[in-house]
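Worksheet: one structure, shown below.
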Amino acid sequence: MKLAGLVLLALSSTSVYAKPTFDEYLSTLRTESELLGLSEQTINDAFGTINYRKKTIVHDKAQPERQKITLDAYIPRAVPEWKIAKARKLFQENKELLDRIGKDFGVQPRFIVALWGVETNFGSYTGNFSTLSALATLAYDGRRETFFKKEFFAALKIIDEGHITPADMKGSWAGAMGQVQFMPSSFNAYAVDYNKDGKKDIWNNTADALASAANYLKQAKWDDTYTWGRQVLLPNNYDAQVSGLKLTKKLNEWQSLGIRTYEGNNLPKVDLDASLIMPDGENGRIYLVYNNYKSIMRWNRSDYFATSVAHLSDAIKFKD
């Protein structure tokens with residue numbers, strides 16, 4: 001009898017702590033959402049569109065470690081010649097708009113176009129996942145529940161403010177949205193209604209999307225007085241430990257350590273802080289990067305992403 005009792009207790013404990021079904025979890029999410037001051041219509045409309053998306057979890061769990069590939073191989077794939085040509089074309093076609101945005105936010109237009117191109121191929125590939133379903137599914141999965149719940153509630157706020165309907169709120173499998181792939185919390189912090197129509201539409205309105213990207217960089221302490229950095233050469237027997245984004249020196253200090261431009265010339269005589277980075281180690285591409293590079297890294301904490309944006313921005317400015 002004692003053993004039977006222990007078995008029953010174990011079974012009881014298992015049932016108490018069993019993972020809820022997705023519908024049960026969604027019901028809890030709805031109850032929490034009702035405490036946020038959202039309109040009843042927003043909650044009804046939003047929760048009426050949400051479904052469990054197994055494909056989201058498949059994508060999440062299938063993310064491999066980045067295959068070992070150097071920047072020499074990666075950049076031509078991320079920024080092929082056709083994308084450079086398209087960036088230059090769109091830069092000219094949208095020049096008036098870009099010049100206004102650049103002036104208003106203090107960001108060189110070529111960087112705005114470069115981010116647009118690297119993120120979504122200039123708005124042509126933004127993702128077709130329901131943002132609410134993706135975020136609810138990822139929160140339910142539990143691996144990063146706190147983060148995805150926060151983003152889910154941020155998405156409800158966007159809908160409640162009338163910027164987009166639940167059915168039209170679409171993006172990547174991870175919840176990034178629109179032409180500039182903002183997570184909902186980033187949307188609430190940085191999105192701009194640039195055309196003054198009462199909606200911050202980063203999905204369908206190019207002016208809003210590009211101004212929002214510029215505002216993000218502005219808030220990330222962008223300085224349009226300077227560029228992002230440059231590729232450089234190391235002297236023989238350089239101590240590779242003297243590098244990294246956290247280590248900052250003046251350009252003249254890097255000059256004294258033997259660092260030279262990629263062409264072998266002296267560094268510019270400018271009073272400017274810079275960091276030496278080696279994404280592929282000391283035998284790969286070496287860069288001296290300025291604070292604007294760190295602003296791009298705020299957007300996406302990947303040297304491969306940031307150098308791709310930098311490469312495309314330079315290709316827009318410096319034509320062969």
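The values are calculated or read from the model by the stated rules, or taken from the named source; none is laboratory data. Since we're looking at a predicted model, the values are computed, not measured. Note that we place each Cβ from the backbone using ideal geometry, even for glycine, and neighbour counts take in every protein chain shown. Note: accessible area is taken over every heavy atom of the protein model, side chains too, but ligands, DNA and RNA are not part of it. Shrake-Rupley method; radii C 1.70, N 1.55, O 1.52, S 1.80 Å.
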For this session: From (1) aliphatic (A, V, I, L, M); (2) part of a loop (DSSP other than H, G, I, E, B); (3) within 13 Å of the chain's Cα centre (by Cα), pick out the condition that doesn't hold for A167.
Result: (3)
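Residue-wise test of (1) surrounded by fewer than 11 Cβ atoms within 10 Å (Cβ to Cβ); (2) outside any loop (DSSP other than H, G, I, E, B); (3) modelled with pLDDT of 95 or more.
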{"site": "K19", "(1), (2), (3)": "yes, no, no"}
{"site": "S27", "(1), (2), (3)": "no, yes, yes"}
{"site": "L38", "(1), (2), (3)": "no, no, yes"}
{"site": "T42", "(1), (2), (3)": "no, yes, yes"}
{"site": "A46", "(1), (2), (3)": "no, yes, yes"}
{"site": "N51", "(1), (2), (3)": "no, no, no"}
{"site": "H59", "(1), (2), (3)": "no, yes, no"}
{"site": "E65", "(1), (2), (3)": "yes, no, no"}
{"site": "R88", "(1), (2), (3)": "no, yes, yes"}
Seminar exercise, completed: Of the conditions (1) charged (D, E, K, R); (2) open to solvent by 50 Å² or more (accessible area, probe 1.4 Å); (3) assigned to a helix (DSSP H, G or I), the single one that E151 does not satisfy is (2)
Exercise. Does any residue of the stretch 81-99 turn out to be farther than 19 Å from W299 by Cβ, touching a Pro at 6+ places or on another chain (Cβ under 8 Å) and of a type in the set (A, V, I, L, M, F, W, C)?
Worked result: yes
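If you scan the stretch 154-163, which residues turn out to be among the small types (G, A, S) and buried (at least 21 other Cβ atoms within 10 Å of the Cβ)? Write out each step before concluding.
Applying the first criterion (among the small types (G, A, S)) to the stretch 154-163 yields 154-155, 162.
Result: A155, single match.
Test T131 against the criterion of being polar (S, T, N, Q) and either on the phi > 0 side of the Ramachandran plot or open to solvent by 30 Å² or more (accessible area, probe 1.4 Å) (or both), and give yes or no. Quick ask: steps written out before the conclusion?
Working: polar (S, T, N, Q): yes; either on the phi > 0 side of the Ramachandran plot or open to solvent by 30 Å² or more (accessible area, probe 1.4 Å) (or both): no.
When the stated conditions are applied, T131 does not pass them.
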Exercise. What residue, of F122, F153, F129, is within 18 Å of T28 (Cβ to Cβ) and aromatic (F, W, Y)?
Worked result: F153
Problem set entry | Candidates F111, F105 - the one that is open to solvent by less than 20 Å² (accessible area, probe 1.4 Å), modelled with pLDDT of 95 or more and aromatic (F, W, Y) | F111
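Listed here are the residues, each with its yes/no results for (1) within 20 Å of V79 (Cα to Cα); (2) open to solvent by 60 Å² or more (accessible area, probe 1.4 Å); (3) assigned to a loop (DSSP other than H, G, I, E, B); (4) touching a Cys at 6+ places or on another chain (Cβ under 9 Å).
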| position | (1), (2), (3), (4) |
| --- | --- |
| K218 | no, yes, no, no |
| K221 | no, yes, yes, no |
| R230 | yes, yes, no, no |
| N236 | no, yes, yes, no |
| V242 | no, no, yes, no |
| E253 | no, yes, no, no |
| P268 | no, no, yes, no |
| L288 | no, no, no, no |
| Y293 | yes, no, no, no |
Exercise. Does V118 satisfy the condition of being open to solvent by 30 Å² or more (accessible area, probe 1.4 Å) and not in a loop (DSSP other than H, G, I, E, B)?
Worked result: yes
